[in-house]
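The values are calculated or read from the model by the stated rules, or taken from the named source; none is laboratory data. Because the structure is a prediction, the values reported are computed rather than measured. For neighbour counting, all protein chains shown are included, and Cβ atoms are generated from backbone atoms with ideal geometry for every residue, glycine included. Quick note on the areas: whole protein, heavy atoms, side chains included, nothing else; ligands and nucleic acids left out. Shrake-Rupley method; radii C 1.70, N 1.55, O 1.52, S 1.80 Å.
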Amino acid sequence: MSWIDKLNTAVARTVVGRWFRLEGSGARVERAGSKFSVELRAGITIFVAMAYIISTNALILTDSGGTCDCDREEFGATCENDPAYTSCLQVMKLDMITATCAIACMACVLMGLLANLPIALAPGMGLNAYFAYTVVGYHGTGKISYENALAAVCIEGIIFFVLSVLGIRQWFARLIPASLKTATGTGIGIYLAFIGLQSSAGIGLITASPSTLVELGGCPPEYRDENNVCMSHHMEGGPTWLGVMGLVLIGTMLLYRLKGAILIGILIVAIISWPRPTSVTYFPYTQAGNESFDFFKKVVTFHPIKNTLAKFHWDVSSGEFWIALITFLYVDILDCTGTMFSMAKFGGYMNERTQDFEGSSLAFLVDSVSITIGSVFGSSPVTAFIESGAGIAEGGRTGITTIVTGIMFFIALFFAPIFASFPPWATGPALIIVGSMMMQNVTQINWRYIGDALPAFITIIMIPFGYSIGYGLISGIGSFIAINSFTFIVFKLSRGRVKPPNFDERDDWVGFITKGGIKDNIPGWMKWVAGKRHKSLDTENLDASSSVVSKHTDTELKQITVDSHKE
């Protein structure tokens, strides 16, 4: 037995092992295949795959202008010519780097500790763009202020918390047909691969095109225009070929089942990209490259939040405020729900009988609390990250994985220059690999019945093409209702005589009720309270019964005593 095996066995037999249900812990329900050393590696893998959000989220939210302001009549609508405003934006960017790391750290630790799931949380990439460019507007040119938008995010978290406590959010998730849940995972896989192929968070193999939307790219950054379209030198970019090499390297290591293959591949490509005088450097000799390299050279630094902490403006009278709040609600609930269920399916946690997964109630509660905490730090809504699939692919099965990811984000608070400098072509190959792994569940979709198959297919294609998990789910659910409602109405009106030839092959839409029973759909805390109340009533009844028996016994004893005296 190697020292790693001894370590895994020793940890499994501790209180920690039993809490997280490691294999060999003796817990009532163990997580098959879960080992402490593997959980550590999986947690680091998720962090490395998510490291790009540290700088990306900060840049996007800084574009909103935050709490910075200037005389717009003098310096223009965006204030870009005001030196004081520009200086304020630099502080805002550092504030957001600290906030991103702190929020992700707390959210991941809570998710791992309470829900025991390897699903990482952090400020969402799509929602932060909506927050910065649509709600607040570029440099504050939107219809509501940054502080007012943060109030909307805070209220969203509170609403989510109430919905999660009452079990409404879980019920909504279970109402999604099984085929659509499976299709969501497949669509997210394609979505991940699509992101990994682009230049913003991938290897740059696919770029924009004015005529066909997308095309084969791979050109060096200097040959792209402002819309990221390759003007020339297609497939001549060094970073793209380095990313392709990383993809082949990770694929080859996975072929031989080398442990830590994804993490090793990311690190190798990143390290190759750090030296400056190369064609694949992440720090070219440009203004942006020089600024990034200056930040990278700091290695260790910590910046306390100065301008964005608890900056709320509670004005709910604006119609734009409510539009933003409702949009945050429906996009986030579909996005987060779809991601969580897909990761649960990918990790093997789904209960086909109840159409739910272990720890769902606590997972949703943690998500809602994290949204509210994130707003206090000045960030856009927090959500579950599809990059969690990279850790699950590495073997992560318990909350230890997510706690390790959270600890890495805490370390990143002090080593942000290093972790914010992983180039997108280093993490892109990992996203493509994970996307391929998530495709395996597509065979579980009910392709025999068109009422299940067509909505599932629409969900799969709309997630990457609509560039949103939420919009993909809306498309799938809408098409499912439109197609199957007509069939159901005709079936009922004809008393079962008019129906599709293979109507009996359809999925049971409400299987979570018909198979699981009503008890399986009640939140855990309600069951606990009901159980306590039931025990309390039983105890009261037992005490009452004992009292009656005692009275009867006393009467019988007195009667016996009287009779004995008479004799």
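Numerical summary
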read-out	value
Cβ-Cβ FRET estimate between LEU309 and VAL165, R0 fixed at 22 Å, reported to 0.05	0.20
Degrees separating the helix 424-437 axis from the principal Cα axis of the chain, which is the longest one	40 degrees
Local net charge near PRO500, Cβ-Cβ under 13 Å (Lys/Arg +1, Asp/Glu -1)	+1
Net length gained if the chain between ILE450 and ASN290 were fully extended (0.36 nm per residue, minus Cα distance)	52.0 nm
Total formal charge among the other residues, if their Cβ is under 12 angstrom from that of SER209, Lys/Arg +1 and Asp/Glu -1	-1
For the chain, calculated [θ]222 nm from helices alone, where every DSSP H run of n ≥ 4 adds -39500 (n - 2.57)	-19500 deg cm²/dmol
Normalised contact order of the chain, rounded percent, pairs of Cα under 8 Å and 6 or more residues apart	27 percent
Cα gyration tensor, segment 213-365 - rounded (a/c under 1.5), prolate or oblate	oblate
Mean Cβ neighbour count within 10 Å, used as a protection proxy, ranking 184-193, 252-261, 215-224 highest first	184-193, 215-224, 252-261
Largest-first ordering by accessible area, 1.4 Å probe, given options MET343, MET106, MET1	MET1, MET106, MET343
Separation between Cα centres of segment 126-140 and segment 279-326, rounded to whole Å	12 Å
q = 0.11, 0.18, 0.25 Å⁻¹, segment 63-154: log10 I(q)/I(0) [Debye, one scatterer per Cα]	-0.39, -0.85, -1.26
Calculated P(r) of the chain - Cα pairs past 39 Å, %	34 percent
Fully extended contour minus Cα-Cα distance, from THR443 to THR278, at 0.36 nm per residue	54.9 nm
In degrees, nearest ten, helix 178-197 long axis to first principal axis of the chain (Cα)	20 degrees
Of all accessible heavy-atom area on the chain, the percent that carbon and sulfur account for (1.4 Å)	65 percent
Most to least packed among 154-167, 196-209 [average Cβ atoms within 10 Å]	196-209, 154-167
Vicinal HN-Hα couplings computed from phi for segment 157-162 (Karplus, 6.51 cos²θ - 1.76 cosθ + 1.60; Hz; Gly/Pro x)	x, 5, 4, 4, 4, 4
Average accessible surface area per residue within the chain, 1.4 Å rolling probe, Å²	46 Å²
Computed FRET value (nearest 0.05) for ILE489 with TYR223, which takes r as the C-beta separation and R₀ as 41 Å	0.10
Rounded tilt (10° steps) of 360-377 against the dominant C-alpha axis of the chain	50 degrees
Inter-site label distance for LEU213 and VAL316 at 7 Å from Cα along Cβ, in nm	3.8 nm
